[in-house]
Every structure is written in C-alpha cells, then in structure tokens.
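The values are calculated or read from the model by the stated rules, or taken from the named source; none is laboratory data. As the structure is a prediction and not an experimental result, all values here were calculated from the model. Methodologically, a virtual Cβ is constructed for each residue, glycine included, from the backbone with ideal geometry; neighbour enumeration extends over all protein chains shown.
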Amino acid sequence: MDKQIFTILGTDEKISSEQIRPGLTYWKDAWRRLKKNKLAMVGLVVIVLVTLFAIIGPWLTPYSYSDQVVGFSNIPPRFELIDADGTYFYFNGSQYDLYSSTKDGRLLEKLDESSRDIVNQKFYFDLDGETVTLDYSYKLRPELADEGIDYSISFRGVEYKEPMGTVGNKLFPWGSDEFGRDVLTRVMYGARISLLIALIAALVNLFIGVIYGSLSGLYGGTVDNIMMRILDVIDSIPLLLYVILIMVLLDDNSMFTVILTLGLVYWVRMARLVRGQVLGLKNQEFVLAARSLGVSQNKIILKHLIPNALGPIIVSITMMIPSAIFTEAFLSFIGLGASAPQSSWGTLANAAVAVFRSSFYQLVFPASAIAVTILAFNFFGDGLRSALDPKLRKG
Amino acid sequence: MNYYIRRVVSAIFTLFVIATLTFFMMRAIPGGPFTRERSLPAEIEAALQAQYNLDAPLLEQYAEYMIDLVQFDLGPSFSLKGFTVNQIIAAGFPITALIGFIAVILIVLIGIPIGIISALKQNKPIDYAVMIFATLGVTIPSFIIATLFLYFFGVKLAWVPLLFNEDNFVTYIGPVLALTGYSVSFVARLTRSSMLEVLQQDYIRTARANGISEFKVLSKHALKNALIPVVTYIGPMVAAIMTGSFVVENVFAIPGIGKRFVEGVTNRDYTLIVGVTVFYAAFYIIMVLIVDILYSFIDPRIKLGKRRAD
C-alpha cells in the first residue's frame with residue numbers, strides 16, 4: 001500500500017480524548033488509602049517480617065526446636081566474662097555452673113566440679129587438669145561487703161574479681177532454656193505454630209463462615225431462623241469447654257486439639273457478619289437481574305453476593321487472626337495446647353514463668369513475640385477497616 | 001414479656017446442651033469409669049460407681065446424671081482422694097469471686113471515665129495517650145502482665161510480696177491488675193467510639209441548640225445512649241475475667257478455682273476439669289442472661305424483636 005496517502009494528523013486530539021488520570025477501582029483506591037496509613041503499613045511490614053522469621057528462621061539456626069545441648073542450660077543472652085589472663089570464664093550464678101569461654105562469648109565447655117567447700121562457699125572446678133577456684137562467699141561475709149561483688153575466680157594462683165564486661169552469647173543469641181535448648185529457635189517454631197493457627201482461623205472463616213452465612217442470609221425465613229439458632233447454641237458454650245471436650249474425646253492433648261477446636265467454632269462471628277451483608281444485598285437489582293437470567297443459586301452467592309461483601313469479610317478476618325493467636329497462647333499457657341517438646345509462644349511463656357526470677361529473658365522473648373504480632377495484626381486490621389469502609393472515605 | 005420468656009428458655013436450652021455434651025464426655029474419658037482398662041485407686045472407683053450407677057441402662061444413667069447436675073452434684077475428683085468436685089469449687093470460689101469482683105468494679109470505674117474523657121478530647125494528647133494504653137492493654141495477654149508485674153514489683157523492687165496472701169491487701173494488686181488489663185482497655189475503647197458516634201447525632205445538636213448546659217447534654221443525653229454497647233459487653237467481660245483467672249491464679253499462686261483447674265489439666269483430673277468448666281459455663285450463661293434482661297430495660301427497642309447487633 002502506498003504510504004503517501006497517509007498523513008499524520010498530529011497527536012493533540014488523541015491526547016485530549018485520553019483520561020488525565022486512570023480510573024481507580026475499589027481495591028486500588030483502598031490500597032492507595034492504606035498506604036497513607038503509617039501504622040497500618042508498620043503493621044504490614046511486621047507481619048511480613050514475622051512470617052519470614054517463622055518460615056526461613058528455623059533453616060538458619062543450627063538447632064531444631066527439641067535439640068538439647070547437654071550442660072548448657074539457662075544461659076542468658078548476655079553474660080559477664082572474667083578474663084583470667086587469656087583464659088575466659090563465665091559463671092552462671094543461677095545454678096552454680098562454671099564455663100570456659102572464648103573472648104567474644106562462645107562458651108567452650110562446662111567445667112566439671114571436682115570438689116566443694118560448703119562452709120567457706122568455695123567451689124573447685126577442673127580445666128584440663130588445672131584447678132579453677134570459685135569463691136562465692138562475698139555475700140556471706142560482712143567484712144567483704146564493700147567489694148560489691150558476688151564471686152571471684154582464682155586460676156593459676158591469681159584471684160580475678162572484676163569481670164572484663166558483658167558479651168553476647170554466641171552459641172544461643174537469645175539464651176538457652178532449662179534443658180539447654182535454643183530460645184531463638186524455639187520462638188521461631190512458636191511463630192510457625194501461631195501463624196499456622198492464624199492461617200487456619202482465616203481459612204475456616206473464609207470457607208465455613210462465609211458459606212454458612214451467605215446460605216442463611218440468601219434462603220431467609222425458616223432456614224435462616226434454624227441456622228441462626230444453631231449459631232446461638234454454638235456461640236453460647238465457652239471455647240474452653242470445646243477444647244476440653246475434644247481433648248477428652250480424642251485423648252489427645254496437642255496442637256491438633258486447638259486447631260480442631262478453632263476450626264469447629266471460630267467461624268460463628270463471620271457467619272453472622274456475612275448473613276447481615278447478604279440480607280442487605282440480596283434484594284438489590286443486580287441480584288434480581290441475575291436471578292431472572294436464570295443464574296444458579298451457587299453462582300449468585302459466589303459471583304454476586306460474596307464479591308460485594310468482600311471488604312467487611314477481609315477486615316473481619318484480619319481482626320479474627322490476632323484473637324486466634326491470643327487464644328492459642330492462652331490455651332497453651334494453661335496446658336491445653338501444644339505439649340513438650342513442641343514450642344508454641346504460650347508454652348514457652350508458661351515454662352518461663354517457673355524460672356522467671358533467675359532467667360527473665362526466657363519470658364521476654366516469647367512474650368514480646370506475642371505482643372508484637374498481635375499489635376501488628378491489630379494496626380493492620382484497623383487501617384484496612386478505614387481503607388475499605390466507604391463511610392470513612394474522604395474525597 | 002415474650003422476650004424474657006424467649007431468653008430464659010434459650011438459656012435453659014443451652015445449659016441442657018452443655019450438660020448433655022459433658023455426659024458423653026464423661027463416658028468417653030480414657031481410664032475413666034466407663035472404659036475397660038481402669039487404673040484408678042479403689043476408693044475413687046467405688047465413688048464413681050456410686051455416682052454413675054454403671055450397670056443401669058444408658059438412658060437411666062443419663063437421667064441420673066442430669067438429676068445430679070441439677071442438684072449441683074459434680075462427682076468425685078480423680079486426683080484428690082476423698083474430695084468431690086463440689087468441695088473443691090466451694091473452697092476455691094470465694095477467693096476467685098472476690099478478686100473478680102474487685103476487677104469488675106475497677107473496670108467500670110476506670111474504663112468508662114477514661115473512655116469519655118478520651119472522646120471529649122478527641123485527637124488531643126490525652127486521647128492519644130489513652131488510645132496507646134488501650135491498644136497495648138488489649139494486645140498483651142494477662143499472663144504476661146502478671147509475670148511482668150511480679151518480676152518488676154516483686155523481684156526487682158521488692159515492693160510487694162511474691163506469694164499471695166488472702167489477708168494482705170497489697171498482694172491483691174497484681175492479680176487485679178492482670179485481670180483488669182484487657183477489659184479496662186476494651187471498655188475504654190468501646191466507650192470512646194460509642195461516645196464519639198453519639199455526639200455526632202442530631203438530637204445532641206438539638207439539645208445544644210436549646211441552650212442546655214454542656215454538662216447536662218453530656219450526662220443526660222449523650223451518656224445514656226453511649227453506654228448501651230458498654231453494658232452489652234459486661235456479660236462477655238465476666239467470661240474474660242473468668243478465663244483470666246485460670247492464668248492469673250496460677251502465676252500468683254492464688255488457691256482459687258482457676259489454679260485448681262490448671263492443676264486438674266496437668267493431672268488429667270477429668271471430673272474436676274469437666275466440673276469446673278460446666279460450673280463456669282453455667283455461670284457465664286446466667287450472667288449473659290441477666291445482662292440481656294437488664295439491657296432490655298435500658299434499650300426498649302430490644303424487646304421489639306430487633307436483635308442485638310454483634
């Protein structure tokens with residue numbers, strides 16, 4: 001074809017017919033507003049980090065959650081080292097253990113105690129044939145009170161009183177528990193359990209809750225009435241009774257019980273919410289139109305009703321997740337959830353309560369993990385609520 | 001009237017469902033009175049025999065179980081020889097109830113006022129401070145509050161004794177604090193948001209336009225409606241405090257029902273576990289019933305069949 005017959009008209013007209021800004025869909029608009037909410041974004045980032053911590057973390061540590069390093073129990077994340085002229089010692093006052101260490105805080109071995117002098121509070125340890133003397137009498141003798149120290153270490157004839165300072169624990173960055181297990185690894189596995197619970201709560205809500213609620217709302221009348229009365233009964237029985245019921249029936253006291261319980265009863269609120277939404281939506285014209293075109297009941301629910309109620313559903317899920325994590329931690333704490341050696345955040349906190357006077361760090365890590373995760377989900381859920389709620393929309 | 005009858009009937013029905021569930025639960029208990037391999041001490045087994053009338057047909061057993069339950073007879077304990085679950089509950093309940101009662105009073109006296117103040121000073125520093133504390137309060141589980149309290153005030157500062165003592169008032173501070181933490185925050189948040197919503201209503205503007213003093217507008221017109229959702233929360237709040245007691249009593253070594261329950265879980269004392277749970281479930285359902293009936297007086301719309309919004 002001859003190109004000569006075509007001429008360029010110029011680009012002005014095309015430009016004028018184009019939209020200046022691309023149109024915003026509901027979800028794009030919500031995302032735009034969510035991004036502006038700093039707390040919600042912090043929450044989102046924390047959720048992503050906790051997820052990475054749970055999924056990737058356990059691959060990066062040399063321990064598994066049940067690995068016990070014999071002799072290395074209740075070692076805090078930071079400790080005082082005594083520098084005995086190039087040989088380094090760490091004394092764990094909570095259980096009278098003496099360790100040799102490298103300068104940067106990598107414990108080498110737990111020293112064997114060869115003998116002890118109870119009256120004078122002197123303990124003798126053996127390091128490759130040489131004797132290390134630990135003098136723990138400073139608090140007992142009033143004349144030594146001025147020294148302001150708890151103990152001293154004598155090695156090769158010299159007494160060392162001043163620690164060289166505190167160093168980080170290189171073997172166990174978050175310390176070890178009473179069985180010599182790595183707290184960091186156990187908190188990571190706890191994160192796996194908590195996120196698994198979160199995932200299950202979300203899935204159960206999404207499938208059972210949404211389907212039950214939309215069926216109840218769509219059919220209405222007697223069906224709705226019966227379905228709602230069933231919910232009332234499920235709802236009025238305390239969660240604890242379900243957990244115990246399932247525990248007794250299965251004779252099983254593990255994570256599985258908690259997961260099954262949450263799966264059985266955790267969708268009730270969502271069902272109520274979706275029912276309310278469906279009741280509002282089902283009389284609108286687009287549903288009538290779909291019906292008159294002969295669209296099946298299932299398709300009306302899946303393609304017409306649920307997509308229109310998706311905003312409140314998603315918000316509700318992000319609000320249910322922290323409450324599920326909370327519940328699991330509570331149940332594990334009172335001994336109804338994960339059992340040893342499994343480590344959920346609740347069982348970790350429970351075990352730490354027994355030793356919190358001497359090993360406070362064992363409580364701090366799981367407790368902060370619970371609080372930070374729940375807080376992050378709450379912030380994110382709040383942000384999502386204001387981003388998706390049309391009533392709160394501004395310009 | 002119809003409404004009250006409906007509510008009472010549904011509460012009784014729920015209690016009936018719970019009782020039936022626990023009956024089958026007791027039958028399914030491993031090593032319990034209904035299984036073949038028994039490893040129970042002879043005294044307890046004899047007591048169980050007497051309790052459950054094991055040779056009778058199933059329906060008769062069920063009927064007897066129900067009659068016992070109606071008479072609040074929860075059977076012998078598996079692990080504490082010679083004690084019935086009733087005795088254990090009777091011994092532990094007063095202390096649990098006392099701490100719970102103090103907690104409920106404090107929640108109402110602290111949570112509602114700070115919620116109102118926060119709503120009136122919306123977006124001012126005091127509002128932000130209240131909201132930060134309220135958010136932290138609902139995110140930190142009570143067992144963590146309890147242990148942190150013991151560590152800092154008991155161990156580090158040594159201001160309070162570590163062991164709970166019924167006669168020493170100072171030792172009540174920690175348990176009450178741990179129990180109230182969640183609910184105070186929740187009540188404050190709830191009061192704040194419902195107050196903010198009510199203050200935007202037309203009738204408040206009308207009241208102001210009529211020249212009614214600001215104090216009267218708030219106390220007589222706004223507060224009355226703003227507190228309705230807060231009253232609704234009181235039923236579930238009792239539940240939160242009850243479940244909180246499982247944890248708090250264990251941390252503070254308080255000899256209440258919660259501590260016995262957790263010990264029961266560790267010892268696999270199924271009759272005790274089931275007994276305490278049934279007791280709490282019944283208590284909870286009755287509390288919710290009372291709150292619902294009170295609620296219908298505060299908000300007459302409820303009686304007209306409009307269901308409470310969840």
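Here are the numbers for the structure shown:
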quantity	calculated
Total residues in segment A:335-369, condition in contact (Cβ under 8 Å) with a residue 12 or more places away in the chain and farther than 24 Å from A:ASN92 by Cα	13
Conditions (1) surrounded by fewer than 20 Cβ atoms within 10 Å (Cβ to Cβ); (2) polar (S, T, N, Q); (3) more than 18 Å from B:ALA146 (Cα to Cα): number failed by A:SER343	(1)
Failed criterion for A:ASP29 (all others in (1) loosely packed, with under 13 Cβ neighbours inside 10 Å; (2) closer than 30 Å to A:LEU384 by Cα hold)	(1)
Filter result for A:GLY276 (surrounded by fewer than 22 Cβ atoms within 10 Å (Cβ to Cβ), within 14 Å of chain B (Cβ to nearest Cβ) and over 30 Å from B:ASN267 (Cα atoms))	yes
Members of segment B:119-136 that are surrounded by 13 or more Cβ atoms within 10 Å (Cβ to Cβ) and of a type outside the set (S, T, N, Q)	B:ALA119, B:LEU120, B:LYS121, B:ILE126, B:ASP127, B:TYR128, B:ALA129, B:VAL130, B:MET131, B:PHE133, B:ALA134, B:LEU136
Tabulated pairs, segment A:217-242, first over 28 Å from B:VAL265 (Cα atoms) and within 14 Å of another protein chain (Cβ to nearest Cβ), second modelled with pLDDT of 75 or more and outside any helix (DSSP H, G or I), C-beta under 8 angstrom, 6+ apart or interchain	A:GLY217/A:LYS282
Pairs, first under 11 Å from A:LEU39 (Cα atoms) in segment A:370-383, second not in a helix (DSSP H, G or I), C-beta under 8 Å, six or more apart	A:GLY383/A:ASN37
A:LEU281 away from chain B (no Cβ under 13 Å), modelled with pLDDT of 80 or more and either buried (at least 17 other Cβ atoms within 10 Å of the Cβ) or in contact with a Ser or Thr (Cβ under 6 Å, 6 or more places away or on another chain) (or both)	yes
Unique match (being small (Gly, Ala, Ser), touching a Leu at 6+ places or on another chain (Cβ under 9 Å) and either in the same structural domain as A:ASN378 (by TED's automatic domain parsing) or farther than 26 Å from A:ALA371 by Cα (or both)) among A:ALA54, A:ALA40, A:ALA30	A:ALA30
Count of segment B:161-185 residues which are more than 14 Å from chain A (Cβ to nearest Cβ) and not in a helix (DSSP H, G or I)	6
Single residue of A:SER176, A:SER154 found to be outside the structural domain of A:ASP85 (by TED's automatic domain parsing), under 30 Å from A:ASP112 (Cα atoms) and of a type in the set (S, T, N, Q)	A:SER176
So A:ILE200, is it within 13 Å of another protein chain (Cβ to nearest Cβ) and surrounded by 17 or more Cβ atoms within 10 Å (Cβ to Cβ)	no
Residue, surrounded by the most Cβ atoms within 10 Å (Cβ to Cβ), within segment B:260-279, restricted to residues that are free of Cβ contacts under 8 Å to residues at least 40 places away in the same chain and closer than 22 Å to B:GLN71 by Cα	B:PHE261
The listed residue being at pLDDT below 85, of a type in the set (Ser, Thr, Tyr) and either buried (at least 16 other Cβ atoms within 10 Å of the Cβ) or at negative phi (or both), out of B:THR180, B:THR243, B:THR206	B:THR243
Yes/no for B:GLY211 being within 14 Å of chain A (Cβ to nearest Cβ) and not acidic (Asp, Glu)	no
Residue in segment A:304-324 that is at the interface with chain B (Cβ under 10 Å from one of its Cβ atoms) and assigned to a loop (DSSP other than H, G, I, E, B) present	no
Selected residue (criterion: farthest from A:ALA338 (Cα to Cα)) from residues of segment A:32-65 that are part of a loop (DSSP other than H, G, I, E, B) and over 19 Å from the mean Cα position of the chain (by Cα)	A:ASN37
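Residues are listed down the side, and each one gets a yes or a no for (1) surrounded by fewer than 23 Cβ atoms within 10 Å (Cβ to Cβ); (2) at pLDDT below 85; (3) closer than 26 Å to B:THR135 by Cα:
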{"site": "A:ALA349", "(1), (2), (3)": "no, yes, yes"}
{"site": "A:VAL353", "(1), (2), (3)": "yes, yes, yes"}
{"site": "A:PHE365", "(1), (2), (3)": "yes, no, yes"}
{"site": "A:ILE370", "(1), (2), (3)": "no, no, yes"}
{"site": "A:THR373", "(1), (2), (3)": "no, no, yes"}
{"site": "A:ASP382", "(1), (2), (3)": "yes, yes, yes"}
